[in-house]
Amino acid sequence: MDRLGRAAVELLAREGFAGLTVRRVAARAGVGAATAYTYFSSKEHLVAEVFWRRLASSPHTAHGSDDPPARVIEVMGHIWTLVADEPEFAGAVTTALLGKDPDVEVLRQRIGRDIRERLSAALGPDTDPEVIDALEMLYSGALVRAGMGYASYEEITGKLERSARLILG
């Protein structure tokens, strides 16, 4: 499965999301298409799985600051680095996660829970759940904006920091 994930990211970098198919990824990875379809129902499922695996295998942020906004920004920045250097992959993740594929829905829920847990850990157990909701909305909106090309990842990073500070007062 790792070979398929690497092949998908390589193909995305060269051809974009429009050029990505499970069959082409399988061929690039040296795997039969039938085998690839055993794991992934669609290219959206494949891209979402690659992102999920990156997120799930990345360590939780060690918080070295007493400043809650700084801790939140560390979490967001850490997750951001999982895609920031690969704009085609980042855009594909956005597209994939917005889709209606039932297999992607399962991953979207896992990803959402993981990000919520990371934000909650950064702010502590007594944080108002509405604050966590607002930060999740901020982060997902930032990913969509960057994925759609409305701003660079560098620009979005600054906007995330300013917005998180506004939310956390």
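If we keep just the residues of region 45-61 that are polar (S, T, N, Q) and either outside any loop (DSSP other than H, G, I, E, B) or open to solvent by 20 Å² or more (accessible area, probe 1.4 Å) (or both), which is farthest from G169 (Cα to Cα)?
S57
Give region 68-83 a look and list any residue that's of a type in the set (V, I, T) and either surrounded by fewer than 20 Cβ atoms within 10 Å (Cβ to Cβ) or at positive phi (or both), or say none.
Passing the criteria: only T81.
Name the pairs whose Cβ atoms lie under 7 Å apart, with the first residue in region 135-150 and aliphatic (A, V, I, L, M), the second at pLDDT below 85 and assigned to a helix (DSSP H, G or I), and 6 or more positions between them or separate chains?
Pairs found: A142/I156; A146/Y153; A146/I156.
Would you mind telling me which numbered condition in (1) closer than 30 Å to A122 by Cα; (2) in contact (Cβ under 8 Å) with a residue 24 or more places away in the chain; (3) part of a helix (DSSP H, G or I) L12 fails?
(1)
Any idea which of (1) more than 30 Å from I167 (Cβ to Cβ); (2) modelled with pLDDT of 95 or more is the one A48 doesn't satisfy?
Going through (1) more than 30 Å from I167 (Cβ to Cβ); (2) modelled with pLDDT of 95 or more one by one, A48 breaks only (1).
Search region 131-169 for residues being hydroxyl-bearing (S, T, Y), within 15 Å of the chain's Cα centre (by Cα) and open to solvent by 40 Å² or more (accessible area, probe 1.4 Å), and hand back the single one that is nearest to A84 (Cα to Cα).
Only one residue tops the list, namely T157.
Which of the residues that make up region 84-122 are more than 25 Å from V22 (Cα to Cα), open to solvent by 30 Å² or more (accessible area, probe 1.4 Å) and either of a type in the set (F, W, Y) or more than 15 Å from the chain's Cα centre (by Cα) (or both)?
Selection gives S120, A121.
Determine if region 89-106 includes at least one residue that is more than 20 Å from G141 (Cβ to Cβ) and aliphatic (A, V, I, L, M).
yes
Just to check your reading of the model, which residue among G30, G64, G19, G5 is on the phi > 0 side of the Ramachandran plot and either open to solvent by less than 20 Å² (accessible area, probe 1.4 Å) or more than 13 Å from the chain's Cα centre (by Cα) (or both)?
Criteria check complete, one pass: G30.
What are the residues in region 98-113 that are over 11 Å from L46 (Cβ atoms) and in contact with an Asp or Glu (Cβ under 8 Å, 6 or more places away or on another chain), if any?
Passing the criteria: G99, G112.
Quick check: anything in region 34-44 closer than 13 Å to M1 by Cα, in contact (Cβ under 8 Å) with a residue 40 or more places away in the chain and open to solvent by less than 70 Å² (accessible area, probe 1.4 Å)?
Yes - at least one qualifying residue is present in region 34-44.
The values are calculated or read from the model by the stated rules, or taken from the named source; none is laboratory data. Here the structure is a predicted model, which is why all the values come from computation and not from measurement. FYI the Cβ positions are ideal-geometry reconstructions off the backbone, even for glycines, and counts take in every protein chain you see. SASA here: full protein model, heavy atoms, side chains in, ligands and nucleic acids out. Shrake-Rupley method; radii C 1.70, N 1.55, O 1.52, S 1.80 Å.
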